[in-house]
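Visitor: Okay, here's the structure, questions in a sec.
Derivation of every value follows stated rules applied to the coordinates shown; laboratory data play no part. Please read all numbers here as calculations on a predicted model, not as lab measurements. FYI the Cβ positions are ideal-geometry reconstructions off the backbone, even for glycines, and counts take in every protein chain you see.
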Amino acid sequence: MTGHASEGSFSDLCLTHINKTATLLYFLKAEKKGLVLNVGCGAGLQSKKLIGNGFDVISVDFDLNLLKSAQKVCDKVVWADASHLPFKENKFDYITCIDVLEHLDDDDACISEMRYVVKTTGKLLLSVPMLNYPFVYDPINKIRTWLKIKPLPIGLWAWEHKRLYEEKQILAKINLKFEVIEKRKISSFLVALFENYIPYLFSYKIKLNGGSKIPNFLKDTANIVCKADERLFIEELGYINLAFKARPI
């Protein structure tokens, strides 16, 4: 480890973000480099990772403020609705769609659009948040769900999430346009327990570094928790995300 702090953001301490990004890179590890469409790119952090791994990336999002942030880390950004992608048929080698569908009014339309613009030899890399998340991640809404009461906009239901998914539900949607090659259940009880604490408990340390530098020991701590969670994964306790690698049909 070099130095005491390095450039970064709260996302570098967000355990689910770390796991989703690691899974995305795992899915692409054995694939040849090519043109990627990152649907719902947000601030462009995963686009930056893909570019750093040798992929040519076009990043799209509907949120102009997020696109402005994305422009700081990747040069090819496009304002677009994920349900109406402004690209030609069979253009992209890969489509990435990481925790985007839950924000959309019409998730089926987005899946159809991604099938239209991906090459017939291409791949879809997708993840969604799961209804079967660990109790400790969001106990209030877990209890409300059990009681069939509308969730509060907190926890996993924050960030304007319109829905969470059951595995059979998201599989049925994907299988209309794609064939799933591989799936990975990620972020179980340890991540659920620590997710909302590591970034905020140590926010004062980040502020001391001017807000743009993350102490390396915090990044190391976050990565240790993620690795421990993977080793101690207990499906029966729930998991936060389900990720897929799929090919067009």
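Visitor: Taking the Cα centre of the range 5-248 as origin, sum charge times position over the Cβ atoms of Lys and Arg (+1) and Asp and Glu (-1), and report the length of that vector in debye to the nearest 20.
Guide: 400
Visitor: Plugging the Kirkwood radius over Cα pairs into Stokes-Einstein for the range 125-184, at a temperature of 20 °C and a viscosity of 1.002 mPa s, what D comes out in µm²/s?
Guide: Answer, rounded: 167 µm²/s.
Visitor: Something else now. Which residues' amide hydrogens lie under 5 Å from the amide hydrogen of Asn241, considering only partners 5 or more residues apart or on another chain, with H built in the peptide plane?
Guide: Met130, Ile186
Visitor: Percentage of Cα-Cα pair distances in the chain greater than 31 Å, rounded to whole percent?
Guide: 23
Visitor: Here is a further query. I want to check the label-to-label distance for Trp146 and Leu35. Put each point 7 Å from Cα in the C-beta direction and report it in nm to one decimal.
Guide: 5.1
Visitor: Mind checking which of Leu176, Gly40, Phe217 is farthest towards the positive end of the range 5-248's charge dipole, using Cβ charges of +1 (Lys, Arg) and -1 (Asp, Glu) about the Cα centre?
Guide: Phe217
Visitor: Using alpha-carbon pairs under 8 Å, 6+ residues apart, how would you state the relative contact order of the chain in percent? Intermediate results must be reported in sequence, preceding the final value.
Guide: Details: 463 pairs, mean separation 65.5, N = 249.
After rounding, I find 26 percent.
Visitor: Separate question: Please give the contour-minus-distance gain from Lys72 to Glu160: 0.36 nm per residue of separation, less the Cα-Cα distance, rounded to one decimal in nm.
Guide: Numbers: separation 88, 0.36 × 88 = 31.68 nm, distance 2.45 nm.
Difference between extended and current length: 29.2 nm.
Visitor: Fewest to most neighbouring Cβ within 10 Å: what's the order for Glu113, Glu167, Glu195?
Guide: Numbers: Glu113 22, Glu167 15, Glu195 26.
Listed from fewest to most nearby Cβ atoms, that is Glu167, Glu113, Glu195.
Visitor: Continuing with this model, one more query. Could you name the aspartates and glutamates whose alpha carbon sits less than 16 Å from that of Lys32, not counting residues in the same chain fewer than 8 places away?
Guide: The qualifying aspartates and glutamates are Asp56, Asp93.
Visitor: Using the Kyte-Doolittle scale, find the helices of the chain whose mean hydropathy is at least 0.5 and whose Cα atoms extend 15 Å or more along the helix's long axis, counting only whole DSSP H runs.
Guide: Details: long enough: 15-28 (20 Å, 0.74); 107-117 (16 Å, -0.20); 216-231 (23 Å, -0.57).
Those that clear 15 Å and a mean of 0.5 are 15-28.
Visitor: Treating only the Cβ atoms of Lys and Arg (+1) and Asp and Glu (-1) as charged, compute the dipole magnitude of the range 1-121 about its Cα centre; round to the nearest 20 debye.
Guide: On the way: 13 positive and 17 negative charges, 138 e Å.
Taking the Cα centre of the range 1-121 as origin, the dipole is about 660 debye.
Visitor: Sequence neighbours fewer than 8 away in the same chain don't count; with that in mind, list the lysines whose C-alpha is under 25 Å from Lys68.
Guide: Lys20, Lys48, Lys49, Lys76, Lys88, Lys91, Lys162, Lys207, Lys213
Visitor: What's the FRET efficiency of Ile249 with Phe87 using the Cβ-Cβ distance as r and R₀ = 22 Å, to the nearest 0.05?
Guide: On the way: r = 20 Å, r/R0 = 0.89.
For Ile249 and Phe87, the calculated efficiency is 0.65.
Visitor: Can you say what percent of the DSSP beta bridges in the chain, counting only those with both residues inside, are antiparallel? Round to 5. Display every interim value, and only then the final one.
Guide: Working: 18 of 36 bridges.
Looking only at bridges with both residues in the chain, the antiparallel portion is about 50 percent.
Visitor: What lysines could a cross-link reach from Lys168, if we take a straight Cα to Cα line under 17 Å and drop same-chain neighbours fewer than 8 places away?
Guide: Lys177, Lys183, Lys185, Lys245
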